[in-house]
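Working notes for the structure below.
The values are calculated or read from the model by the stated rules, or taken from the named source; none is laboratory data. Being a predicted model, the structure only gives us computed values, none of them experimental. Ideal geometry is used to build each Cβ from the backbone, glycine not excepted, and the neighbour counts take in all protein chains shown.
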Amino acid sequence: MPLVVGADPHEHEDLTDAQQRARKVKPQYARGAVAKVAMGRNQAEAEMIQGILLEEGIPSVLQRMRGFDVPDFLAAILAVLVAILGLSLLLLQISS
């Protein structure tokens, strides 16, 4: 018997990766203009930073930096951008 009424353990199995990521985003962290908060030396490193942020509910966007792009090798310097308002709310929660 499930602990929550209507809870189906197989309910989330058919969601795509994008839908699963969207469920993790906290709406209050997705407001405002974006600012660069981190840089990754390659795509794998930047996606790891993005995943860490997403685990805290913070949505982020990757932006390739000009002049360092070699798409064939996935080698590029990427900036990780997040919403300024969301970042400030998170920092306030951490400090209090």
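For the range 53-68, which residues satisfy the criterion of being within 8 Å of the chain's Cα centre (by Cα) and surrounded by 13 or more Cβ atoms within 10 Å (Cβ to Cβ)?
LEU53, LEU54, GLY57, ILE58, PRO59, SER60
Has the range 79-90 got any residue that is of a type outside the set (D, E, K, R), at pLDDT 80 or above and part of a loop (DSSP other than H, G, I, E, B)?
no
I'd like to check something: does the range 28-39 contain any residue that is assigned to a strand (DSSP E or B), exposed (fewer than 15 other Cβ atoms within 10 Å of the Cβ), at pLDDT below 90 and out of contact with any Asp or Glu (no Cβ under 9 Å at 6 or more places or on another chain)?
The answer is no, given that none of the residues of the range 28-39 is assigned to a strand (DSSP E or B), exposed (fewer than 15 other Cβ atoms within 10 Å of the Cβ), at pLDDT below 90 and out of contact with any Asp or Glu (no Cβ under 9 Å at 6 or more places or on another chain).
Could you list, in sequence order, the residues of the range 40-58 that are over 13 Å from LEU90 (Cα atoms) and not hydrophobic (A, V, I, L, M, F, W, C)?
GLY40, ARG41, ASN42, GLN43, GLU45, GLU47, GLN50, GLY51
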